[in-house]
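A.B. asks: First, the structure itself, so that you have it in front of you.
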Amino acid sequence: MSDPTPAGTTPSRPPRPTRPTQGEPPAVREPAHVPVAHLVRGGVVEGVHYGSVVVLAADGGVEFSAGDIEAAFYPRSALKPVQAVGLLRAGLPPLDSESLALTAASHSGEERHLATARRILDAAGLTEDDLRNVPDLPYDPAVRDEWIRAGLGPSRLAQNCSGKHAAMLMTAKARGWSLENYLDPGHPLQWEIASTVEELTGQGIARVTVDGCGAPLFAVSLHGLTRAAARIATAVPDSPEGRVAHAMREHPEMVSGSGRDVARLMRAVPGLLAKDGFEGVQIAALPDGRAVGVKIADGADRARMPVTAAALARCGIDPEVLAGFDHAPVIGGGREVGTLRAAGEPASFFAPPAGSDPSAPPAASAQGEPGAASVA
C-alpha cells in the first residue's frame with residue numbers, strides 16, 4: 001500500500017529536470033525515537049522526552065546514534081545554513097558578513113536584526129512590502145513585550161525568518177526571476193535551493209511542505225542534515241559553504257539573538273557552527289568535521305540543549321565548557337529541586353561524580369546559568 005501524503009504536502013518535488021540526487025530519499029515512517037532526556041523532580045523521574053541523536057566523527061562516519069536517525073523529518077530552521085548556501089550558489093549578490101549571517105538566522109527581532117534585513121532589501125531596491133513571509137511579533141519575549149508596549153503589531157520584518165526571505169528576494173531579482181511567487185516550490189530559486197539540500201545532505205528530498213514562515217520545507221533525515229552541517233563547517237573559506245560558516249561564527253548573535261543559547265554555545269566553543277529549529281531540532285558542527293544532530297520527538301525546546309550538550313561531550317568537547325548547557329534546573333517553591341538533563345545512552349557522555357546517585361537531582365547550582373530556561 002502506498003504511503004498517504006498528508007494534506008499540505010507533495011510526495012516529491014514538481015516534475016522538472018534537475019541534476020541527479022546524491023542518494024535515495026530517506027524513508028517516510030513513524031520514527032523509532034528513544035528516551036533522550038529526563039526531568040527529575042525530588043529524585044523521581046517526572047517527565048521523559050524521546051528523540052534521536054547522531055554524532056559524526058571527523059571522517060564523516062557515525063560514531064554514535066540513538067533512536068532513528070534515518071527516517072525522514074523536517075529540519076525546520078536548522079536547515080537555514082543549507083538554504084543560505086543554496087542562495088549563494090543561485091547568485092545572491094555579495095553581502096557583508098552580518099547580512100549573510102542574518103540570511104541563515106532565526107532572529108530575535110532586535111533592532112539590529114530588523115536594520116540588517118532592511119539593508120538587504122534596500123540593496124536590492126526592495127521594501128518590506130515585497131516580503132511574502134508571515135507577519136509576526138518579535139521572537140524574543142522581552143523584545144516582543146517592548147514592541148507591544150510601543151503599540152506595534154505583527155510585521156513581516158519582525159518575523160524571525162525575514163533575513164532569509166530578504167535574501168531570497170535579492171537573489172531572485174539579481175537573476176531576473178519573478179518576485180511575487182518566489183516561495184512557490186516550482187520557482188527556479190527554490191529549485192536551486194533544493195539541489196543544494198540534496199547535494200549537502202547526500203540524499204534525495206523525501207517530501208516538500210510549507211514551513212511556518214511560508215517558505216518551502218524539505219524533508220531529509222537527521223543523519224543527512226548533520227552531514228550537511230559538517231560539510232558547511234569544514235568548507236574552504238572562499239566557497240559558498242565557507243562564507244556562510246564564517247559569517248555565522250563571526251556573528252552568532254545575528255543568527256539568533258542576544259542571550260540566546262545557540263549564540264552562547266558558539267561563543268563558548270571556538271569554531272563551532274550551530275543552528276536550532278522549531279520542534280526540538282539542533283545541529284552543531286566543528287571545523288574538523290565532528291558534528292551532532294538532535295531531534296526531540298515531542299518538539300520540546302527545553303530538552304534540546306541538554307541533549308545537544310551531551311552529544312557534544314561525546315564529540316570530545318570538555319564537559320566543563322558545556323557546564324550550564326547540559327541541564328536546566330527544576331524549580332519548586334522558588335528553589336531548585338531537580339533537573340532536566342540527558343538520559344539513556346546520551347547521558348553516559350557526562351560521567352556523574354563518584355558515589356553520586358545519577359537519578360537524584362544535582363546539588364544546588366547558581367541559577368541563571370547559560371543553559372536552558374528553568375523548569376517550574
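A.B. asks: Based on what the data block shows, is LEU265 open to solvent by less than 40 Å² (accessible area, probe 1.4 Å), in contact (Cβ under 8 Å) with a residue 12 or more places away in the chain, over 25 Å from ALA72 (Cα atoms) and under 15 Å from the mean Cα position of the chain (by Cα)? Spell out how you get there, then give the answer.
C.D. replies: On the way: open to solvent by less than 40 Å² (accessible area, probe 1.4 Å): yes; in contact (Cβ under 8 Å) with a residue 12 or more places away in the chain: yes; over 25 Å from ALA72 (Cα atoms): yes; under 15 Å from the mean Cα position of the chain (by Cα): yes.
Yes: the conditions hold for LEU265.
A.B. asks: Is there a residue being assigned to a helix (DSSP H, G or I), modelled with pLDDT under 95, open to solvent by 50 Å² or more (accessible area, probe 1.4 Å) and within 18 Å of ARG290 (Cβ to Cβ) anywhere in segment 349-356? Spell out the reasoning first.
C.D. replies: Filtering segment 349-356 down to residues assigned to a helix (DSSP H, G or I) leaves 349.
Among the residues that remain, those that are also modelled with pLDDT under 95 are: 349.
Still in the list and also open to solvent by 50 Å² or more (accessible area, probe 1.4 Å): none.
Looking through segment 349-356, none of the residues is assigned to a helix (DSSP H, G or I), modelled with pLDDT under 95, open to solvent by 50 Å² or more (accessible area, probe 1.4 Å) and within 18 Å of ARG290 (Cβ to Cβ).
A.B. asks: Restricting to segment 93-127, and then to whatever is part of a helix (DSSP H, G or I), in contact (Cβ under 8 Å) with a residue 12 or more places away in the chain and open to solvent by 40 Å² or more (accessible area, probe 1.4 Å), can you tell me which residue is farthest from ALA142 (Cα to Cα)? Walk me through it before giving the result.
C.D. replies: Looking only at segment 93-127, we keep the residues that are part of a helix (DSSP H, G or I), and these are 97-103, 111-123.
Checking which are in contact (Cβ under 8 Å) with a residue 12 or more places away in the chain leaves us with 97-103, 112-114, 116-121, 123.
After this cut, where a residue has to be open to solvent by 40 Å² or more (accessible area, probe 1.4 Å) as well, the list is 98, 112, 118-119, 123.
Numbers: GLU98: 22, ARG112: 15, ARG118: 22, ARG119: 24, ALA123: 30 Å.
Among those that are part of a helix (DSSP H, G or I), in contact (Cβ under 8 Å) with a residue 12 or more places away in the chain and open to solvent by 40 Å² or more (accessible area, probe 1.4 Å), it is ALA123.
A.B. asks: In segment 155-180, how many residues are touching a residue at least 40 places away in the same chain (Cβ under 8 Å) and in a helix (DSSP H, G or I)?
C.D. replies: 13
Residues are listed down the side, and each one gets a yes or a no for (1) modelled with pLDDT of 95 or more; (2) more than 18 Å from ILE232 (Cα to Cα); (3) touching a strand residue (DSSP E or B) at 6+ places or on another chain (Cβ under 8 Å):
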residue: LEU87; (1), (2), (3): yes, no, no
residue: ALA90; (1), (2), (3): yes, no, no
residue: ASP96; (1), (2), (3): yes, yes, no
residue: ALA104; (1), (2), (3): yes, no, yes
residue: HIS107; (1), (2), (3): yes, yes, no
residue: ARG112; (1), (2), (3): yes, yes, no
residue: ALA115; (1), (2), (3): yes, yes, no
residue: ARG119; (1), (2), (3): yes, yes, no
residue: ASP130; (1), (2), (3): yes, yes, no
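A.B. asks: Just need a number here: residues in segment 25-40 that are outside any loop (DSSP other than H, G, I, E, B) and farther than 25 Å from THR339 by Cα.
C.D. replies: We begin by selecting, within segment 25-40, every residue outside any loop (DSSP other than H, G, I, E, B); these are 27, 34-40.
Applying the additional criterion that residues be farther than 25 Å from THR339 by Cα yields 27.
Final tally of qualifying residues: 1.
A.B. asks: Mind listing whichever residues of segment 128-176 are open to solvent by 40 Å² or more (accessible area, probe 1.4 Å), more than 20 Å from ALA78 (Cβ to Cβ) and among the β-branched types (Val, Ile, Thr)?
C.D. replies: The answer is ILE148, and nothing else.
Okay, residues lined up against (1) closer than 17 Å to ALA309 by Cβ; (2) open to solvent by less than 10 Å² (accessible area, probe 1.4 Å); (3) under 14 Å from the mean Cα position of the chain (by Cα):
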site: ASP238; (1), (2), (3): no, no, no
site: HIS246; (1), (2), (3): no, no, no
site: HIS251; (1), (2), (3): no, no, no
site: SER256; (1), (2), (3): yes, yes, yes
site: ARG260; (1), (2), (3): yes, no, yes
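A.B. asks: I would also like to ask the following. If you go through segment 166-184 one residue at a time, how many are touching a helix residue (DSSP H, G or I) at 6+ places or on another chain (Cβ under 8 Å) and not hydrophobic (A, V, I, L, M, F, W, C)? So that I can check it myself, show each step before the final result.
C.D. replies: Applying the first criterion (touching a helix residue (DSSP H, G or I) at 6+ places or on another chain (Cβ under 8 Å)) to segment 166-184 yields 166-172, 175, 177-179, 182-184.
Now restrict to residues that are not hydrophobic (A, V, I, L, M, F, W, C): 171, 175, 178, 182, 184.
Adding up the residues that qualify gives 5.
A.B. asks: Condition first: over 23 Å from PRO319 (Cα atoms) and in contact with a Lys or Arg (Cβ under 7 Å, 6 or more places away or on another chain). Now tell me which residues in segment 229-254 satisfy that.
C.D. replies: Within segment 229-254, PRO240, GLU241 meet the criteria.
A.B. asks: From the list PRO135, PRO154, which one is in contact with a Ser or Thr (Cβ under 7 Å, 6 or more places away or on another chain) and over 17 Å from GLN83 (Cα atoms)? First the steps, then the outcome.
C.D. replies: On the way: PRO154 fails: in contact with a Ser or Thr (Cβ under 7 Å, 6 or more places away or on another chain).
Only one candidate passes the filter, namely PRO135.
A.B. asks: Assuming LEU183 fulfils every condition listed in (1) crowded, with 22+ Cβ neighbours inside 10 Å; (2) over 18 Å from the mean Cα position of the chain (by Cα); (3) in a loop (DSSP other than H, G, I, E, B) apart from one, which condition is it?
C.D. replies: Unmet condition: (1).
The values are calculated or read from the model by the stated rules, or taken from the named source; none is laboratory data. Note that the coordinates shown come from a computational prediction; the quantities given were computed from them, not determined experimentally. All Cβ positions, glycine included, derive from the backbone under ideal geometry; neighbour counts span all protein chains shown. Keep in mind that these areas ignore ligands, DNA and RNA; they rest on the heavy atoms of the full protein, side chains included. Shrake-Rupley method; radii C 1.70, N 1.55, O 1.52, S 1.80 Å.
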